[in-house]
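What follows is a short report on a single structure.
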Amino acid sequence: MKDNEYEQENSGTKVARIYLNGKVEVLRNIHFSCSSCGLCCRLNRIPVREEDILRFQEHGFELDQLLNDLSPVLIPSKNVDGNFIKAYILRKKPFVNECIFLDDNNHCRVHEFKPLACRLYPFALRRENDETVIMQIHSKSVCPSVKLDVSEEESNTLELAKQMYKLFDLEE
Ligand code: SF4
Ligand code: SF4
């Protein structure tokens, strides 16, 4: 990842340590399989990075149209210099608290190129040091489909961490 925008505070439940060479250390046996309930597309504010905007453009979105689909927000700068930086979140549908890209069947209309935050959810990646990244459950997860402390047989932590690695690798 180019910057730290998607790295969460150190308050989410850690589930795996991912090394930059692709090795994975499972820290917690969990099971997750998305049930497409759409909750995260309703309850969350979805941050959109510059790279996400570029990906949207590569798939035919005009910048003007896209900016119309985004709400600008000001967030405190990481430099703790008292300044704010401009960022974007996906706009919600008018009068309905859900992402503009969620269809009536709880499917994402931009699934193939949705923002990284959506692709990682309900997990987040946090750089631990130069060698490792921690995969953790999003600190504000609303997802009902994560089961904690399942048996090793039931756990798919390893598989999920490998998927996260691919996403992380692609964004490097
Ligand atoms: S972009 Fe897609 S996955 Fe992300 S919040 Fe919107 S509908 Fe959900
Ligand atoms: S809240 Fe969890 S199960 Fe529901 S759509 Fe989001 S990731 Fe999938």
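Taken together, the values in this text are just the output of simple stated rules run on the coordinates, not laboratory data. Predicted, not measured: the structure shown is a model, and the values here were computed from it. In this analysis, Cβ positions are derived from the backbone assuming ideal geometry, glycine residues included, and neighbour counts consider all displayed protein chains.
Once you place label points 7 Å from the Cα toward the Cβ at N129 and E159, how far apart are they in nm?
With each label placed 7 Å out from Cα toward Cβ, I get 3.2 nm.
For the pairs K23/K147; K93/K166; K14/K93; K14/K166; K140/K162, note any where the Cα-Cα span goes beyond 29 Å.
Long pairs (Cα-Cα over 29 Å): K93/K166; K14/K93.
Using a Debye calculation, one point per C-alpha and no hydration shell, please list log10 I(q)/I(0) for segment 14-171 at q = 0.08, 0.10, 0.16 Å⁻¹ in order.
-0.27, -0.42, -1.03
May I ask for the net charge around S33, where only other residues with Cβ less than 14 Å from the Cβ of S33 are counted and Lys, Arg are +1 while Asp, Glu are -1?
Taking every other residue near S33 into account, the sum is -1.
Mean separation of Cα pairs under 8 Å and 6+ residues apart, divided by the residue count of segment 14-171: what relative contact order is that in percent?
It comes to 38 percent, rounded to a whole number.
Mind checking the full-extension length gain between S71 and K93? Use 0.36 nm per residue of separation minus the Cα-Cα distance, one decimal, nm.
Value of the extension gain: 6.8 nm.
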